[in-house]
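Accompanying notes for the structure given below.
The values are calculated or read from the model by the stated rules, or taken from the named source; none is laboratory data. Keep in mind it's a predicted model, so treat the numbers as computed, not measured. Here the Cβ positions follow ideal geometry from the backbone for every residue, glycine too, while neighbour counts run over all protein chains shown. Accessible surface is based on the protein model in full, side chains and every heavy atom, while ligands, DNA and RNA are left aside. Shrake-Rupley method; radii C 1.70, N 1.55, O 1.52, S 1.80 Å.
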Amino acid sequence: MTDRRLWSYKEIAAHIRVQPDTVRSYRKHGLLPPPDHTENGKPYWYADTIRLWVSRRPGNKGRRE
């Protein structure tokens, strides 16, 4: 099953328990995957894209999402 809901910085931040500005900083520094969709200049990612990114982040060994 795929999760095609689009997440903004706010939803990503809530998912990884940080502030939205932290997620913006991740993107600025190339640590976030490219957006799956852009609307009116705002980036959005599929929930599955972010879950995969989280599972591959350093220091995430053995963690469950």
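Let's see how each residue does on (1) touching a residue at least 24 places away in the same chain (Cβ under 8 Å); (2) open to solvent by less than 60 Å² (accessible area, probe 1.4 Å); (3) under 21 Å from GLY59 (Cα atoms):
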{"position": "THR2", "(1), (2), (3)": "yes, no, no"}
{"position": "ARG5", "(1), (2), (3)": "yes, no, no"}
{"position": "ILE16", "(1), (2), (3)": "yes, yes, yes"}
{"position": "VAL23", "(1), (2), (3)": "no, yes, yes"}
{"position": "TYR26", "(1), (2), (3)": "no, yes, yes"}
{"position": "TYR46", "(1), (2), (3)": "yes, yes, no"}
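Regarding the range 48-61, can at least one residue be identified that is more than 18 Å from ARG4 (Cα to Cα) and surrounded by 12 or more Cβ atoms within 10 Å (Cβ to Cβ)?
Yes, because at least one residue in the range 48-61 is more than 18 Å from ARG4 (Cα to Cα) and surrounded by 12 or more Cβ atoms within 10 Å (Cβ to Cβ).
Name every residue in the range 1-19 that is touching a helix residue (DSSP H, G or I) at 6+ places or on another chain (Cβ under 7 Å), within 13 Å of TRP45 (Cβ to Cβ) and not β-branched (Val, Ile, Thr), in order of residue number.
Result: ASP3, ARG5, TRP7, TYR9, LYS10, ALA13, HIS15.
Among residues belonging to the range 33-47 that are touching a strand residue (DSSP E or B) at 6+ places or on another chain (Cβ under 8 Å) and in a loop (DSSP other than H, G, I, E, B), point out the one that is nearest to ARG4 (Cα to Cα).
It comes out as ASP36.
Here is a check on your reading of the model: is GLY30 at positive phi, part of a loop (DSSP other than H, G, I, E, B) and at pLDDT 95 or above?
Yes.
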